[in-house]
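Report on the following structure.
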Amino acid sequence: MKFLELLNHIGLIAAHRGARCLAPENTLIALKKSVGRCDFIEIDVQFSRDGVAVVMHDDTLQRTTNVAKIDSFVSKKPYRVCDFTIDELRELDYGSWFYKDENHKEPLLTLCDALEFIKEKSLLLNIEIKDISAVFSDEEVVDTVVKEIKKSDASESILLSSFRHEYLKIIKEKVPNILTAALVEGKHSDSLLEYLRELKVNGYNLNNESVDKQTVEMLREAGFFVSVYTVNDSARAKELFSMGVNCIFSDSLNKNLKVDSL
Ligand code: G3P
Ligand code: MG
């Protein structure tokens, strides 16, 4: 199924950073564990110092790698992802922090690896592009991500989202057919529909605390799909779906989140 077709449905579950309840977030094993437990997978993408798109949430490596244990990297504190080359990032372990076992390692996941995996398994992937505008130009970010997607021949299986809406605008100029969603946290734009139409996005992804029925209805009627992050509670999931929310991003991937009839 193409992504847009899927997003017309209500009651969808996206695996937030992969199945991050079951495996280290944003790793290949987290993607593998999501299969069969969600409707699509969400990952976060940013760049290494030399401009390779890598899958990682935080802007530093402290929480989700063993970087602090490697003496030769001490000079790179506070361990910003964008200060490490791709070769240096490959030296790190992305698993032991999660398993609490130094011997249980996981490798770096690049965007290229993630795309290869979803293409091979015929899955759908939401790539959230982190705001890396302090270091990389918007054009460079979009060009790199789009190039990877085109190379993988998986455009119809991709949804691109970002809190940095400039990226979304450029994406639609360059590849109008690719799906995009504006990520927001907190207050909605005053003239929300007009704003989203200007961005030419397909969807609106908002935080759980900012959802209200009226806004969801207005967006759905105007043809935008609506997704909410991060929802791990089944009662709340049901409530959101009954408002017309299409999708929730969840860490728990609990079967109870699924709603059979609405
Ligand atoms: O894309 C939804 C969600 O992932 C946004 O928040 O901080 O978990 O990337 P964050
Ligand atoms: Mg994310």
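The values are calculated or read from the model by the stated rules, or taken from the named source; none is laboratory data. Every value quoted in this text rests on a predicted model; they were computed, and no experiment measured them. FYI the Cβ positions are ideal-geometry reconstructions off the backbone, even for glycines, and counts take in every protein chain you see.
So which residues in the stretch 103-112 are outside any helix (DSSP H, G or I) and within 17 Å of residue 147 (Cβ to Cβ), if there are any at all?
Taking the stretch 103-112 as the starting set, the residues that turn out to be outside any helix (DSSP H, G or I) are 103-110.
Residue satisfying the conditions is 110 alone.
Taking first residues from the stretch 54-73 that are within 24 Å of residue 161 (Cβ to Cβ) and within 16 Å of ligand 2 (Cβ to nearest atom) and partners that are in a strand (DSSP E or B) and of a type in the set (Asp, Glu), the Cβ contacts under 6 Å between residues at least 6 apart in sequence or on separate chains come to 57/44.
Restricting 160, 115 to residues that are within 13 Å of ligand 1 (Cβ to nearest atom) and either of a type in the set (A, V, I, L, M) or not in a loop (DSSP other than H, G, I, E, B) (or both) narrows the list to 160. Restricting 129, 149 to those that are within 16 Å of ligand 1 (Cβ to nearest atom) and either in contact (Cβ under 8 Å) with a residue 60 or more places away in the chain or within 29 Å of residue 185 (Cβ to Cβ) (or both) reduces the list to 129.
For residues in the stretch 226-249 being among the polar types (S, T, N, Q) and away from ligand 2 (no atom under 16 Å from the Cβ), which is farthest from the chain's Cα centre (by Cα)? Spell out how you get there, then give the answer.
Quick first cut of the stretch 226-249, residues among the polar types (S, T, N, Q) only: 227, 230, 232, 234, 242, 246.
Cutting the leftovers down to away from ligand 2 (no atom under 16 Å from the Cβ) gives us 234, 242, 246.
Numbers: 234: 21, 242: 24, 246: 16 Å.
It comes out as 242.
Could you say whether any residue in the stretch 133-144 is at pLDDT 95 or above, touching a helix residue (DSSP H, G or I) at 6+ places or on another chain (Cβ under 7 Å), away from ligand 2 (no atom under 16 Å from the Cβ) and not aliphatic (A, V, I, L, M)? Within the stretch 133-144, one or more residues are at pLDDT 95 or above, touching a helix residue (DSSP H, G or I) at 6+ places or on another chain (Cβ under 7 Å), away from ligand 2 (no atom under 16 Å from the Cβ) and not aliphatic (A, V, I, L, M). Determine which single condition residue 163 fails, assuming it passes every other condition in (1) more than 21 Å from residue 123 (Cβ to Cβ); (2) surrounded by fewer than 14 Cβ atoms within 10 Å (Cβ to Cβ). Of everything listed in (1) more than 21 Å from residue 123 (Cβ to Cβ); (2) surrounded by fewer than 14 Cβ atoms within 10 Å (Cβ to Cβ), residue 163 misses just condition (2).
With the structure loaded, tell me whether residue 111 is in contact (Cβ under 8 Å) with a residue 24 or more places away in the chain, closer than 20 Å to residue 41 by Cβ and either crowded, with 22+ Cβ neighbours inside 10 Å or among the β-branched types (Val, Ile, Thr) (or both) or whether it fails that test.
Values: in contact (Cβ under 8 Å) with a residue 24 or more places away in the chain: yes; closer than 20 Å to residue 41 by Cβ: yes; either crowded, with 22+ Cβ neighbours inside 10 Å or among the β-branched types (Val, Ile, Thr) (or both): yes.
Against the criterion (in contact (Cβ under 8 Å) with a residue 24 or more places away in the chain, closer than 20 Å to residue 41 by Cβ and either crowded, with 22+ Cβ neighbours inside 10 Å or among the β-branched types (Val, Ile, Thr) (or both)), residue 111 qualifies.
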